[in-house]
Every structure is written in C-alpha cells, then in structure tokens.
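The block underneath contains the structure these notes are about, expressed in structure tokens.
The values are calculated or read from the model by the stated rules, or taken from the named source; none is laboratory data. Everything numeric here is computed off the predicted structure, so don't read it as measured data. Positions of Cβ are backbone-derived with ideal geometry, glycine not excepted, and every protein chain shown enters the neighbour counts. For the accessible areas, the whole protein counts, side chains as well, though only heavy atoms, and no ligand, DNA or RNA atoms are used. Shrake-Rupley method; radii C 1.70, N 1.55, O 1.52, S 1.80 Å.
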Amino acid sequence: MSETSYAVLGTFETPDALMQAIPKVRASKLGTVEAYTPYAIHGIEEALGLRRSPLGGMVLVMGILGALTAFGFQYWISAIDYPIITGGKAPDSWEAFIPIMFEVTVLFATFTAGLGMLFLLNKLPFFGHPVLSSKSIKSITRDRYVLALEAESEAFDSAAAAVALQAAGASQVEILPAPDRSPFLTSDYILRAAGGIFTACLGAGLVMYFAIKLFPVMAPMKYMQDQPRLNAQKPSSFFKDGHGMQRPVAGTVARGHLPTATGTQEEAATLANPLPRTREVFAVGRQAYKNRCEVCHGSVGDGVGSLTAAYGGKPANLQAQQFRDYPDGKIYWAIVNGKNAMPSHAADLSESQRWAVVHYVRALQRAQNAKDEDLKVAIP
C-alpha cells in the first residue's frame, strides 16, 4: 500500500484484450478505471461506465443564446434606437441579421466548447499529468492500449491494483507516483512572468523603433494607401466620353428632398412650394414664424415687431403689395440666405419648416387683405 501513488497502469497488446479486461478491473473496485488508447475505440465509454458528455448540450444552449443575443442587439439598433431603411426594406428585416447571428452563434459555441472542456470537464489547469511522464506513454501514442486504476483516496492500494491488472491480462504494469499539486501561481512565478512580459514588450518596441528609423519610407500598408480610385474632375477611360464624373441618367428625379434656394433671389423665383396647404403644415409654419420671425415682422407680418426703436433696423412689412406679389421661391430664398439686416435661418429651420413658414406668411397676407369670396355671410 502506498500513500503517494497516483495510479497503476497496465499495458495490453490489442483493443480486444483491453475491452475484455475493463469489466474485470472495474469489478475489483480498487479505484477509478481510465483507459488511454492511440485512437478511439467503439464502445469503450459504455464499458468504462462513463456518462454521456454534457459538452454537446452546453454548446447547443450557448449557441442558441449567441444567436438570440446577436438578433437582439441588431434589432434594437436597426429597428428601435436608430432605424435605417436600406434598399427599401423595413428596419426590422430579420433576414439581414442572419450573417451576424451566425458569427456570434459560432463565437459563443466555440468559446463554450473550449473553456467548458478545459475548466469544467477536464478541470484544468493541471500541469504535468503523471501519465505524460510514464514509461507507457510512448506505447500509448503508437500501438499499445493502457488501462489505469487511479487513486480515489489516500487509502489506494497500488499493490492490489497491480495484481488486479495482471490478472486481467496486462503484459506490463507500472506504478505512477502522485504529482506535485503545489500552487503554481506563487509570487515568484508571477514576478518572473511579469518581468518576462515587460522585457518582451520593451524589446519589441525597441526593434520597431529602430526599424522605422532604418526604413522610414517603407509603407506598412501599401495596398491600402495606393487604392485604385477615381478622383473628382479627373479623366477616366472607363466611360465612353472620357470623363470621370457622369451626369445623372436622363429623367432622374430626386426623392425625399425638397428644393433648395441656391443662386440669386431672382433665380429662386421659379421654385414652387412643394408642401400642401393642410392644417398640419400651417401649424408647423405658425410655430416656426412665432419662434424666428414674429419678433421683427410682427404677429400679423406688418413689420411692427416687439423690438424697440433702439434696434435701428426696419423689418420688412410683409403685408405690402411688393411682398404679396413675391413668388413663394423669393420668400423662401430670403429665409435661407437672409436679406439686409435679416440673418439666414437655414441653420435653425429645416427645409420643410421654411416652406411651411412661406405658407403661413401667405395666410397672414390673405387674412389682412381678404377678398369678397373669402367673406361668408350667415343666412338666418
């Protein structure tokens, strides 16, 4: 009997001899029975009484969790937090999520398989397994089959285990001493590891520093720096006319973009108000006018605002015939570019808000200059 034995190994010549010996050795109940073979042997798990590995179930659960996690992140970003319509598809089009879901599924499953096998099932780290330093390891990696009786407690009887293995047909028997299980994360080990990492980083930094000094013109990413591309205003042999920049296809119509007011005010006179005259549009225009225009032009657009004489400016009277005859585009141009003392409001009003203000100004002008057809007489 030995208190320092880890296991007793018995070598068998053929896989059949090993399989026939397993029930006999298990019946001795002297310790945990384990087998070491150069390749997988069908039915050996059942013979050893090993339960089915839970690794497959762990990988399945974590793979499903990875897929759901990827779907949840993408759905939140694309459909809720920052919805974007791409290619005319709805923001919550789940088909576009599949590639990322697949990648995250593989990521979760791979990490689960590796870490679960190492830390949960194999209970590593266990450096220097005794079988790796045994005399039988050379035979195990070639053409021999080893059955081991491993100690379950300090009362393990290595002599009785050796007799049981010989009785089961082992050609050779080897007793392995117990490994040294003293902690490896000692302060000395940590300091030496940290010193080695620091030395390696310092050496790599110095090598890179002097390499750059010796080869200053070497481009580290030449293919990213010199990419084939077409610069603006440059010729191109790809197109028939030799021009790099091409005009839009004939009949192209911009969608989802309201007209701008570039050029002069006279040029902008041709712009038509694209917004309909609806209650909602007038409400937007009224609010924008009240916030940005009323202080100068007055609540009815007559140029009498809330500013005192100290202002010194003379806001335009929008009720004057000159401005009533203005096309919508000229009023829109003034809102975008400013005029005289009036600053530009392009940074504060969106395109739709500017056109809504134009509609509201027209409503103010009509209210102060009503026509006969605007009057409704109530008949009792």
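Provide the solvent-accessible area of Trp76, counting protein heavy atoms only and rolling a 1.4 Å probe, rounded to the nearest 10 Å².
My reading of the accessible area for Trp76 is about 130 Å².
Treating only the Cβ atoms of Lys and Arg (+1) and Asp and Glu (-1) as charged, compute the dipole magnitude of the chain about its Cα centre; round to the nearest 20 debye.
Using Cβ point charges on Lys, Arg, Asp and Glu, the chain gives about 1480 debye.
When only the heavy atoms of the protein chains count and the probe is 1.4 Å, how do Leu68, Leu55, Leu115 rank by accessible area, highest first?
The residues order as Leu68, Leu115, Leu55, largest area first.
With every protein chain present, what is the per residue accessible area of the chain (1.4 Å probe, Å²)?
Per residue, the chain has 70 Å² of solvent-accessible surface.
Please report the net charge: other residues with Cβ closer than 11 Å to the Cβ of Ser136, K and R +1, D and E -1.
+3
Mind giving me the nanometre distance, one decimal, between the label points for Leu191 and Leu118, set 7 Å out from Cα along Cα→Cβ?
In this crude label model, Leu191 to Leu118 measures out at 2.8 nm.
Springs between alpha-carbon atoms under 10 Å, Gaussian network over the chain: tell me which of Asp348, Asp143, Asp188 tops the mean-square fluctuations.
Highest fluctuation of the listed residues: Asp348.
List the DSSP H helices in the chain whose Cα atoms stretch 24 Å or more along the helix axis and whose mean Kyte-Doolittle hydropathy is at least -0.5.
The qualifying helices are 55-75, 98-115, 187-214.
Run down the lysines and flag those whose C-alpha is under 20 Å from the C-alpha of Lys314, throwing out any fewer than 8 positions away in its chain.
Excluding near neighbours in sequence, the set is Lys290, Lys330, Lys339.
Which of these, Tyr209, Tyr360, Tyr75, has the largest mean-square fluctuation under a Gaussian network model of the chain (Cα springs below 10 Å)?
Maximum fluctuation in the GNM of the chain, among the listed residues, is at Tyr360.
Compute the orientation-averaged projected area for the chain from the convex hull of its Cα atoms and round it to one decimal in nm².
Across all orientations, the chain yields a mean hull projection of 45.8 nm².
Go through Glu45, Glu266 and list them by solvent-accessible area, largest first, probe radius 1.4 Å.
So, going from the largest accessible area down, we get Glu266, Glu45.
Describe numerically, in nm with one decimal, the distance between label points set 7 Å from Cα along Cα→Cβ at Asn340 and at Asp180.
If labels sit at Asn340 and Asp180, their model points lie 9.7 nm apart.
Could you check the spin-label model distance between Ser28 and Gln166? Points 7 Å from the Cα along Cα→Cβ, value in nm.
It is 1.0 nm.
Loop by DSSP (not H, G, I, E, B), at most 14 other beta-carbon atoms within 10 Å: where is the longest site-free stretch of the chain for trypsin sites (Lys or Arg not before Pro)?
278-370
How would Cys296, Cys201 rank on accessible area, largest to smallest, probe 1.4 Å?
Cys201, Cys296
Using R₀ = 56 Å, calculate the FRET efficiency as 1/(1 + (r/R₀)^6) where r is the Cβ-Cβ separation of Asp81 and Ile41; round to 0.05.
E(calc), rounded to 0.05, equals 0.55.
What is the sum of charges, Lys and Arg at +1 and Asp and Glu at -1, for the other residues whose Cβ falls under 15 Å from the Cβ of Ala164?
My count for the surroundings of Ala164 gives -2.
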